[in-house]
Each structure stands twice: as structure tokens, then as C-alpha cells.
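Single-structure report; data block below.
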Amino acid sequence: MACFGDLHSLAELLANSFHPPVGLMMLAYPFLRLGIYEDLRTRFLANSPHHVCLTAIAPPVSPLSSTGEEIAGIVELALRSPTLPEMETVQSPYISNLAVSPTHRRQGIGRQLLLSCEPVAQEWGFQEIYLHVLENNEKAKQLYRSLGYETEKVENTCANFLFKQPRRLLLRKRLG
């Protein structure tokens, strides 16, 4: 589980995963990273009993490495409305901010982080878990489907049509 001291590393991992500093994004990157840091900080300071930030830790690259362990992946789980009109007032376990550092991808870290969320949701007394994925993120969709997630809703917004942005898919998994 992540701690307050991990915030800088977590913000860097999330910013790099969702907003890589390439091209013009290099100019905005420090501000995006700061915004992510502040969002994480707010959630950590709230100290909610229904919020966890799980991390995957990678061992040092070599025994002589001075940098020690590094955070290879992150996922957050919290109670929130999954945005279904019939469930607007209902809070459900919702997965967000799943990210794995580029050097550690395709090693099963994302899968393990997702699976680690399930017993937490069950401890909280729930038998379903939700998350969103963009419809064009084929690798993520493949991972989620392999773990039993099914499409609950396809969300359309003006941005989908006006700016040709991909739609968000709300996925749900029933827990055993």
C-alpha cells in the first residue's frame, strides 16, 4: 500500500503514463504532474476508510544499485458512483489510475494490481467492482476482459463527436 512519502513517485508515474512529455506536452507536463500530485495528496489527506492506493514495487536493477526499489505500478480503489443513472446515489468500488511504468509493462503487474483490488472490495461488503476504459485502448480492454470485466455502459459525450475523442466504456465485474 502506498504511503504519503510516495506521492512524488506516484505522481510522476501517473503523469508519465497518461501524459508522456513528448512534443508540445513537454511544456504542460510539469503542470499536469503537479495537478496529479495535488489530487493524490487530497485523497491521502482525506484518510477515507474506503480509499486505497496499491503499488507494485520492483526490486533494484542490480545489487549494487544505489536507487533501491522503485514503484513499478499503481492502482486506486475507492467508493464512488459508477455514473449509471439508476445508481447515481449508490456508491460502489471503483478502480482508477491503473498505471505501470513503461519498463515494467507486460510482466503481469497490472493484472496483479487489479486482482489485489477484489478482496478489498469484498472486505468493504461489495460483490461488484467498476472501472472505465477508453474504447480505443485495446491492450487495457484485453486485460480487463481476461479478468472477467464486462461492458456495462458506453458513454457518449459532445467531445466524442466534435473532437473525435474515443468514448469511455464503463466496465463491471461481479466478484465471486
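Worth a mention:
- Qualifying positions in the stretch 99-110 - surrounded by 15 or more Cβ atoms within 10 Å (Cβ to Cβ) and among the charged types (D, E, K, R): ARG105
- Boolean, PRO20 is under 17 Å from the mean Cα position of the chain (by Cα), farther than 29 Å from ALA121 by Cα, of a type outside the set (A, V, I, L, M, F, W, C) and surrounded by 12 or more Cβ atoms within 10 Å (Cβ to Cβ): yes
- For the stretch 23-52, filtered to residues that are touching a residue at least 24 places away in the same chain (Cβ under 8 Å) and of a type outside the set (A, V, I, L, M, F, W, C), the residue that is surrounded by the fewest Cβ atoms within 10 Å (Cβ to Cβ) is SER48.
- Helices (runs of 4 or more DSSP H) contained entirely in the stretch 76-168, each with at least 3 residues that are at pLDDT 95 or above and out of contact with any His (no Cβ under 6 Å at 6 or more places or on another chain): 109-123, 138-146
- Just so you know, in the stretch 123-176 the residues that are basic (Lys, Arg) and surrounded by fewer than 12 Cβ atoms within 10 Å (Cβ to Cβ) include one that is farthest from ALA78 (Cα to Cα), and it is LYS164.
- In the stretch 96-125, the residues that are on the phi > 0 side of the Ramachandran plot reach residues that are surrounded by 15 or more Cβ atoms within 10 Å (Cβ to Cβ) and not in a loop (DSSP other than H, G, I, E, B) with C-beta atoms within less than 7 angstrom, at least six apart or across chains, in these pairs: ASN97/LEU14; ASN97/ILE74; ASN97/VAL75; ASN97/GLU76.
The values are calculated or read from the model by the stated rules, or taken from the named source; none is laboratory data. Computed from a prediction, not measured in an experiment: that's the story for all the values here. Glycine also receives a Cβ, built like all others from the backbone with ideal geometry; neighbour counts cover every protein chain displayed.
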